[in-house]
Amino acid sequence: MDPSLVSLIGLAISIGIPILSAAVTIIICGTALAGIGTEKPELLSRLIITVVLGEALAIYGLLIAFMLLGKLPDITTMESANKALISGIIISVATVSAGAGISYSGSSLIAATAERPETFSSNVIGVVLSEALAIYGLLISFMVIGQI
Amino acid sequence: MFRDIKDYLLVTSYILKCIIKKDLPHEDDDMVEMQKLKVLVYEDYIDAVVRSLGHAGIVQFIDMREKPEDWEEVLVPHKGSNETIAKYSGLLSKIEAAFETLHIKPEDFPTPEIPITKEPTQKVLAAVEQKLAELPIEEAKIYALASRIDQIIDDLGIKPEQFDKENKLAQSEEMELEHIEFELIEIDKTIETTGLSNHPVLVERILAKHFDDLDEIGKKFAELSKFVIDSERYFGKRLVTLKKTVESIIGTIKTGINFEEIREDLLTLWTIAKEEKRIAEEKGKFVRSSKTVFFEAWVPESLEKEAVERIKNASDGNFIISDEFPDLDENVPILIKECPSYLQAFGKLECAYGRPSSGDIDPLRIFAITFPILFGIMFADVGQGAIFVIAGVIFTLLRRKGKLAKGGDIIQYLLISGEMLIYIGFSAIFFGFIFGEFFGPSGVLHPITLAQIGPFQIGGFEPTQEPMKMLKFAILVGAIHITIGLILRFLNELRHKHYKLAPIPICWIWLIFGSLFMWAYWGGISNISLWFAEGSLMLGGLIILPLMLIFVFVAVAEGFMVGVGFTVEVFAETLSHTMSYSRLMALGLIHSAMNYLFLVLGGVEHGVFPLQSIPLIAIGTILVLIIEGLVVFVHTLRLHWVEWFSTFHSGEGIPFKPFEST
């Protein structure tokens, strides 16, 4: 296969799938948040963290896509093209799993906080740890690009 | 030389003592002592005691039902208050019905002063019921109508003498009360829908002026106002008529009733009933024997004398009291202190997570330093930092002058965070100089190297050009940040006198910096095989030994299995929490890259901004400030809430809420 095509596919995956997972996360958490906002608007400023962390997933994809974009002229061999493709796949899988984690624990966090606001500080751990999954993927993906 | 060291040691030990001990002259103001009062009162006086304490609002009663193991063999829960609560609820609804009949809105009047009695609540209840039954509420109805008509006339600015001569409708003297009332309701409704009560001044002005003098718009306005004037004339007429009718009816009543007095009485009864109901509810927290009632309460040390004095007076000496310091592990309520206004935003962010437990160090001031630093690293930019500073100054000035006090939610948030924007703006400017960013990597500034610690370079590189250096820098910042948290944990353990657990944070710091050193010394994670070959001694000393020590300390203090679990947790957290700080790198790079995009679009090269690039860069800056600003803010918050607070800040503090009966 043509190295430039493979690396472009990697680029497309690295931006497309993180954006999709961010969208799904925001859809799930955002609707839950809107529901709670009608009952207890004073909690919104705290709970907005779920939506913003979902949004950050798209930003990680954007970062990898930017870096791949910068490397595109250097990709001439099949080996480096494969690295570009794999780095895109890594960040995609990482953000999809982080998105799943944030969606589930985020919407539960929102519901639980509405019932008992004092549980927020322990329940938020689930959301932020899910989000950390994306960071691990980002780091490795980043190092793979560094080797191109 | 020797003297220097001795002085230094003296000063250090003094500072440490100040932090650990609470009774030294320079005591930390955050430490407010709470005393636990244990009181046994003869049952006839318990109502008086609670009433007296509730008036002063100085103690917080402890709910005894939560720890039945302390009393259940000797005492029983305080029963019988449910019936009293129900009776008071009934009484309250009766009084409120009377308010309705007499058209009194209790919230419009000041709360009357009520005398503190020593009577038991049953007697108070009986007295209130009797007094209420004696009040001539039906008879006072007509007076209520009269005062209401007066009020409406007042509100509309109607002068009764204006209508005296036009009043030819005086035939309705026999009009029944109900009709008058019905008409008043109608008038009320109309006034509300036409907004007439807002117009008295306007009406007066228009009435006074000749319409001929007015210009075109003035005439139209006058035409529009005609309806208002007409309706005012109509209402004025009707109201004055009604007033006369009511007055003539009142004239026929022989018995003199003072409406003001009845209102005062009702308000007093209402206040008493509300207070007694609250007291009855509070008593549900107590326990009792056959003749005595026992309760526990938190009281700030400074108010203890007053509380004891009040209990003594209210119970005529029929009480037993003991005070004690709470256990070190007990969750004692904390007195909430006002945050200084320049730290208000940080205070809110900290409280959103949870307040520090009693006796813990309040990390607010350290939080207010580390928060802007982490934000600045991710948002490093001289130009955008300056925008933050300017916005912050504007918001702060607006807030100090009290403007926009009625703005929406978002405006309020911005106003509160005025000072915070200034701090994070300065931090962004500082790191902008270090990483050479001015509205992105535009080439205007050159990165400044601050220091070089082994492989960790602080500043002197552009993050987008050398991301690996940025990653190392981010990890170093993370290690330092977590270390600050662990030092606070160490001090907290000392303050709680958990001497067996105190060495754990120290070993943990050893582990973090040991691993960091290993990582740097052996050239990164890719050479990890060397750690176990040539570096095995170093591995033992820097990673395995502190882990073993942590295990030993926890196992000695809390048992073997807890020790195993905790050691595994420490190992995992050291890895994951430090790695988590790599988001400093990721978000810093994204910030730089997003700005770079607009720089390229605008055609900026080598620090020269062509004129046509300015609008593009302005749009880009606004986008970055809003979207990136929010994301970076949340990530900074998350680093503090999860990675930092989890090392030392439990967030389980309960604010001290004294019982207030009024």
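None of the figures in this text is laboratory data; all of them are computed from the coordinates on show. Nothing here was measured: the structure is a model prediction, and the numbers come from that model. Here the Cβ is made from the backbone with ideal geometry for all residues, glycine too, and neighbour counts use every protein chain on show.
Any of B:305/B:337; B:38/B:87; B:38/B:291 with alpha carbons more than 24 Å apart? Name them for me.
Numbers: B:305/B:337 22 Å; B:38/B:87 30 Å; B:38/B:291 17 Å.
Beyond 24 Å: B:38/B:87.
Can you tell me the FRET efficiency between residue B:331 and residue A:97 if r is taken as the Cβ-Cβ distance and R0 is 45 Å, rounded to the nearest 0.05? Intermediate values should be presented prior to the final figure.
Values: r = 37 Å, r/R0 = 0.83.
Computed FRET efficiency for residue B:331 and residue A:97: 0.75.
Taking the Cβ of each residue in B:360, B:327, B:70, B:265 as the centre, tally the other Cβ atoms inside 10 Å and list the residues starting with the fewest. Display every interim value, and only then the final one.
Numbers: B:360 23, B:327 9, B:70 12, B:265 16.
So the ranking, lowest neighbour count to highest, is B:327, B:70, B:265, B:360.
Rounded, prolate or oblate: which one fits segment B:352-503, using the alpha carbon gyration tensor with axes a ≥ b ≥ c (rounded when a/c is under 1.5, else prolate when a/b beats b/c, else oblate)? List each step's numbers first, then the result.
Working: a/c = 3.22, a/b = 1.06, b/c = 3.03.
Verdict is oblate for segment B:352-503.
Starting with the fewest neighbours, write out B:101, A:38, B:245 ranked by other beta-carbon atoms found within 10 Å of each beta-carbon.
Numbers: B:101 13, A:38 7, B:245 24.
Arranged by neighbour count, lowest to highest, B:101, A:38, B:245 become A:38, B:101, B:245.
Using a Debye calculation, one point per C-alpha and no hydration shell, please list log10 I(q)/I(0) for segment B:309-390 at q = 0.12, 0.21 Å⁻¹ in order.
Those come out to -0.60, -1.04, one per q.
Taking 1 over the mean of 1/r across every pair of different Cα atoms in segment B:538-606, what Kirkwood radius in Å do you get? It would help to have the intermediate numbers written out before the result.
Numbers: mean 1/r = 0.0648 Å⁻¹.
Over segment B:538-606, the inverse of the mean reciprocal pair distance is 15.4 Å.
Give the dimensionless ratio obtained when the Cα radius of gyration of segment A:3-146 is divided by 2.2 N^0.38 Å.
On the way: Rg = 17.4 Å, N = 144, 2.2 N^0.38 = 14.5 Å.
Against the empirical 2.2 N^0.38 Å value, I get 1.20 for segment A:3-146.
Using the count of nearby Cβ atoms within 10 Å as a rough guide to exposure, how do B:75, B:303 rank from fewest to most? All intermediate terms of the calculation are to be shown ahead of the outcome.
Values: B:75 19, B:303 16.
So the ranking, lowest neighbour count to highest, is B:303, B:75.
I need the shape label for segment A:50-102. Rule: rounded when a/c is under 1.5, else prolate if a/b > b/c, else oblate, with a, b, c from the alpha carbon gyration tensor. Walk me through the numbers on the way to the answer.
Details: a/c = 7.37, a/b = 2.16, b/c = 3.42.
Since a/c reaches 1.5 but b/c is at least a/b, the shape of segment A:50-102 is classed as oblate.
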